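The values are calculated or read from the model by the stated rules, or taken from the named source; none is laboratory data. Not measured: the values here are computed from a predicted model. Methodologically, a virtual Cβ is constructed for each residue, glycine included, from the backbone with ideal geometry; neighbour enumeration extends over all protein chains shown.
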Amino acid sequence: MERESEFTRILRWPGYRVYRYEIDERGAKLRLWVRRKRGNRKLECSGCGRKFAEAYDARERAVRDLPWGVFQTTVYIEVYRVKCPDCGVKVEKVPLLPGKAPFSERFEDAVGVACQSAAIRQVARQHGLSKSTVRAIDKRFLARWHARRRAPALRQMGIDEIYLGKKTGFLTVVSNLETAEPLWFGRERKKETLDEYFRTQLSLRQRRAIQAACVDMWAAWKQSLTQWAPQCRIIYDKFHIIGHANNAIDEVRRAEFVRQGGWKRELVKGKRWLLLARWVTLETENKRLLNQLFQANRRMWKAYLLKESLGQLWNYVYEGAMLNYLQKWIDQLRWQRLEPFQKLGQMLLEHLDGILNYCRIKVPMGVVEAVNGNIKALIRRGRGYKDLDYLLLKARYMAATKSESIVLEKAA
Ligand SMILES: [Zn+2]
């Protein structure tokens, strides 16, 4: 009996004592049988929390617990069921046993924490579990973390989309700009998608608290925002607008490739990424390659200047100055016959208010991009690609704890 009480002290399972143990030295396995301590007789219904003095029946459950040194530990615990007038025959609530899974909560926490910095495969090997079991443990760990926290209020929201390939299509991502945390995923990118977010996730009060939304110039978003959060200011994100400018220069490049032959065509070839990059980020050799192209092709040169100069629009703090710069930028387009840029100019004029809102209300730019980048990084590493709930929890935890926010730091 002496040794059992020592084991009870080391196990530290609230309300329970070890009454039997087995040590398998060769297999490095420790088995502990536990039951309630004397005096710990109150039973609680796991469904509603009602207290009971009498048990309906009892059974033994085996759960993996934290290892003791190199010994894998299994705890055999006596668990009662109660006859609850509200829930029927229900298992009692046991500290450290959050659900039906054969693991203690503290074991799941240890596995969950390990999953935040190591690959599933690694964690699985370390604990002698299958990958799918580790993934399920990780998801429960994240769900408990999320249920216990108070999520920060949503005042500035970001709306973006991620393309997940032909099969899955587009995913709409709603995020909190102030915390850089993704809040919700929706299938497709229609007005109905965003409508669903507002309808199912936010109360009227929460919808009214939204001051600003950072979005792409996509009519569906604007329609939904106008309907559900009419007081919110729509801001067209710099990164999205630059994205449109990149598409325009790419269109010009393709047209030039078709239009020109011989060595001039060869110059355009393979320059896509160089043309999309910002000049200041290019290395000397790449600058030389681009200059070579620009000397032979004036249209590419003009298109490139337009793309580069549009980025300076966000250097302006005052609305009037910003408008003035944009007007001049659009004036330059007049005699260029660069149709993709003319279309872009028209688009910018039609969305002028949302562009100028950048000067009227301060929102952190680039957060939407960073959130998107973090999610893509998670998908690339194959963590919960198919299970969107898991992917969202993972991305939220990552943002809240900043454990893997490499992309975020870059954007800041
Ligand atoms: Zn109950």
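Just the residues that are among the aliphatic types (A, V, I, L, M), touching a residue at least 60 places away in the same chain (Cβ under 8 Å) and in contact with a helix residue (DSSP H, G or I) (Cβ under 9 Å, 6 or more places away or on another chain), please, taken from the stretch 65-104. The answer is V75, L96. Cβ-Cβ contacts under 6 Å between residues 6 or more apart (or on different chains), taken from a first residue in the stretch 21-35 that is assigned to a loop (DSSP other than H, G, I, E, B) to a second residue that is modelled with pLDDT under 95, are listed as A28/V70.
Residues in the stretch 205-227 that are assigned to a helix (DSSP H, G or I), touching a residue at least 60 places away in the same chain (Cβ under 8 Å) and farther than 11 Å from I159 by Cα: 0 in all. Within the stretch 152-168, residues that are closer than 21 Å to A180 by Cβ and touching a residue at least 40 places away in the same chain (Cβ under 8 Å) reach partners that are among the charged types (D, E, K, R) and surrounded by fewer than 19 Cβ atoms within 10 Å (Cβ to Cβ) with beta carbons closer than 6 Å, at six or more positions or on different chains, in the pairs Q156/E178. In the stretch 182-195, of all residues being outside any loop (DSSP other than H, G, I, E, B) and touching a strand residue (DSSP E or B) at 6+ places or on another chain (Cβ under 6 Å), the one that is surrounded by the fewest Cβ atoms within 10 Å (Cβ to Cβ) corresponds to F185.
Could you check the stretch 259-280 and list, in sequence order, the residues that are in a helix (DSSP H, G or I) and exposed (fewer than 10 other Cβ atoms within 10 Å of the Cβ)? Steps first, please.
From the stretch 259-280, those in a helix (DSSP H, G or I) are 259, 262-268, 272-276, 279-280; that's our starting set.
Of everything in the stretch 259-280, those that are in a helix (DSSP H, G or I) and exposed (fewer than 10 other Cβ atoms within 10 Å of the Cβ) turn out to be G262, W263, W273, V280.
In the stretch 281-391, which helices (runs of 4 or more DSSP H) lie fully inside it and hold 2 or more residues that are small (G, A, S)? Full working, then the answer.
Values: elements: 284-296, 298-310, 319-332, 339-350, 352-360, 367-380.
In the stretch 281-391, 298-310, 319-332, 367-380 are the helices (runs of 4 or more DSSP H) which contain 2 or more residues that are small (G, A, S).
Do you know which of the residues in the stretch 36-46 that are at pLDDT below 90 and on the phi < 0 side of the Ramachandran plot is farthest from the ligand (Cβ to nearest atom)? Lay out the reasoning, then the answer.
Going through the stretch 36-46, the residues at pLDDT below 90 turn out to be 38-42.
After this cut, where a residue has to be on the phi < 0 side of the Ramachandran plot as well, the list is 38, 40-42.
Numbers: R38: 25, N40: 20, R41: 18, K42: 14 Å.
For the stretch 36-46, the residue satisfying everything is R38.
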